[in-house]
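Please read the structure below before turning to the comments.
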Amino acid sequence: MSRSPLTRAVLDERLAALGRAPYEGPDEPAALRLAALDLVLDTLDSDVEPGRPLLRAAVRVLLDRLAAAAPGRSVEVRIPPYAAVQCVAGPRHTRGTPPNVVETDADTWIRLATGRLGWAEAMREGRIRAGGPRADLSALLPVQPEQPEHPVP
């Protein structure tokens, strides 16, 4: 599967679909990812499809914040096909499937990580697959992403 890179042009295309002005921030990858997160959050409840590059960037930003808030390697959080991280202090896993795994789709992860969906509700609705004694991330959510220096207009 080919990956489309996140670029200013990709952001501008999605911004135009929302009737917004073009992105005016820096072209640095971190700034583009934060702008992508902001844009994806704006599209959650609209008919505008954010697109794979923006979803991948938003998922990555939020997974990175989770890993920073809960460093460790005892839980693997998977958001296929976009990204996965290991986090949460505890016994380290070295081979095979980790004993503590959380897996969900991008939309659910973004909603969980930003507080738009609660852990208990997502579990009740079957939107999360979590297994292992450390796989309950409710105490770590929502994560707080860094704010871009140049917010999307």
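The values are calculated or read from the model by the stated rules, or taken from the named source; none is laboratory data. Here the structure is a predicted model, which means the values were calculated and not measured. Cβ atoms come from the backbone with ideal geometry, glycine included; neighbour counts cover every protein chain shown. All accessible areas refer to the heavy atoms of the entire protein, side chains included, with ligands and DNA or RNA removed. Shrake-Rupley method; radii C 1.70, N 1.55, O 1.52, S 1.80 Å.
Annotations
- Taking every residue in segment 129-142 that is open to solvent by less than 50 Å² (accessible area, probe 1.4 Å) and pairing it with any residue that is part of a loop (DSSP other than H, G, I, E, B) and modelled with pLDDT of 95 or more, at least 6 positions away or on another chain, the pairs with Cβ-Cβ distances below 7 Å are Ala130/Asp136.
- Residues of segment 7-60 that are among the small types (Gly, Ala, Ser) and surrounded by 15 or more Cβ atoms within 10 Å (Cβ to Cβ): Ala17, Gly25, Ala31, Ala35, Ala36, Gly51, Ala57, Ala58.
- Scanning segment 83-95 for residues that are assigned to a loop (DSSP other than H, G, I, E, B) and open to solvent by less than 30 Å² (accessible area, probe 1.4 Å), we see that the one that is farthest from Arg14 (Cα to Cα) is His93.
- Of all the numbered requirements in (1) closer than 16 Å to Val61 by Cα; (2) in contact with a Leu (Cβ under 6 Å, 6 or more places away or on another chain), Arg14 misses one, and that requirement is (1).
- Checked across segment 103-114, the condition of being part of a helix (DSSP H, G or I), over 24 Å from Ala30 (Cβ atoms) and among the charged types (D, E, K, R) holds for no residue.
- Qualifying residue in segment 110-120 (condition: more than 16 Å from the chain's Cα centre (by Cα), free of Cβ contacts under 8 Å to residues at least 24 places away in the same chain and over 23 Å from Ser4 (Cα atoms)): yes
- Annotation: of all residues in segment 47-80 being assigned to a helix (DSSP H, G or I) and touching a residue at least 60 places away in the same chain (Cβ under 8 Å), the one that is nearest to Thr108 (Cα to Cα) is Leu62.
- The residue that is farthest from Asp136 (Cα to Cα), among those in segment 61-76 that are surrounded by fewer than 16 Cβ atoms within 10 Å (Cβ to Cβ) and out of contact with any helix residue (DSSP H, G or I) (no Cβ under 7 Å at 6 or more places or on another chain), is Ala68.
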